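One structure below.
The values are calculated or read from the model by the stated rules, or taken from the named source; none is laboratory data. Predicted model, so just to flag it, every value in this text is computed and none were measured. Here the Cβ positions follow ideal geometry from the backbone for every residue, glycine too, while neighbour counts run over all protein chains shown.
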Amino acid sequence: MKTLKIAIQKSGRLNEKSVELLKNCGLNFENYKSSLISPVSNFPLEILFLRDDDIPEYVQDGIADLGIVGENVIQETEVEVSYLQKLGFGKCSLKIAVPNNNTIDDLQQLNGRSIATTYPVILGKFLKEKGITSDIRTISGSVEISPGLGLSDAICDLVSTGGTLKSNGLKPFADVMSSEAVLIGRKGSENEDLVQELIQRIQSVLRAKE
Ligand code: ATP
Ligand code: ZN
């Protein structure tokens, strides 16, 4: 029997809840911070600990059979994977925010303005749908300091409580997408039986929580 592989985030916002979900499924594994692969002792499964950005491609390419990742990352990487189950954690929204003192109050006013983001693909599609042409500035992190530094007029970033926006003098202005952690897989996996068994375990853990 082949061993399934599931990719989860190595460290960060989704790591703890992903590990907890798998443990609640009755899977026994060590969770050393140093290891990248952990075998499960009581199920033919290995857990791969990766950067979240790499998870959709690993699943698309068949290196992992399953993955747990935010919908935002899947949309941004534009991969072909199947959504198997929403997981109810890692909830956040991708929002456009502007400085508190800004008078922008209508989406059309973003025309010709610059927006800093780590999500250029999702933001680009959103603006295109609205018929808005902005200068999208792709940066790799700390997006929220960009207007204060004079690098952009607005930002597009993930928000959960809004605390980070507030402490950087920004206010949310438009919702681009909402996101949560999801279980993803690939169509036509060779191990459909094992995949189904794992999905069922995950679904019963989620049901028990309701
Ligand atoms: P990695 O090192 O794996 O690349 P990262 O820095 O890209 O990590 P995290 O900040 O750990 O990512 O966020 C992982 C995911 O958690 C996000 O892609 C998103 O789906 C979700 N999330 C939930 N709330 C928030 C939030 N307030 N800010 C950012 N991400 C959030
Ligand atoms: Zn990441």
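Details
- Cβ-Cβ under 6 Å pairs, at least 6 apart or on other chains, segment 45-56 side more than 7 Å from ligand 1 (Cβ to nearest atom), far side of a type in the set (Lys, Arg) and in a loop (DSSP other than H, G, I, E, B): Phe49/Lys10; Leu50/Lys10
- Considering each residue of segment 50-70 in turn, none proves to be part of a helix (DSSP H, G or I), over 14 Å from Gly185 (Cα atoms), modelled with pLDDT of 95 or more and away from ligand 2 (no atom under 16 Å from the Cβ).
- Set side by side, the residues Arg137, Arg113 differ, and just one is touching a residue at least 24 places away in the same chain (Cβ under 8 Å) and not small (Gly, Ala, Ser), which is Arg113.
- Residue list for segment 1-35, filter: within 16 Å of ligand 2 (Cβ to nearest atom) and more than 19 Å from Val195 (Cβ to Cβ): Gln9, Lys10, Ser11, Gly12, Arg13, Leu14, Asn15, Glu16, Lys17
- Any hit, segment 4-22, residues being away from ligand 1 (no atom under 16 Å from the Cβ), out of contact with any Lys or Arg (no Cβ under 7 Å at 6 or more places or on another chain) and part of a loop (DSSP other than H, G, I, E, B): no
- A single entry from Leu107, Leu21, Leu50, Leu4 fulfils the requirement of being among the aliphatic types (A, V, I, L, M) and within 30 Å of Gly169 (Cα to Cα): Leu107.
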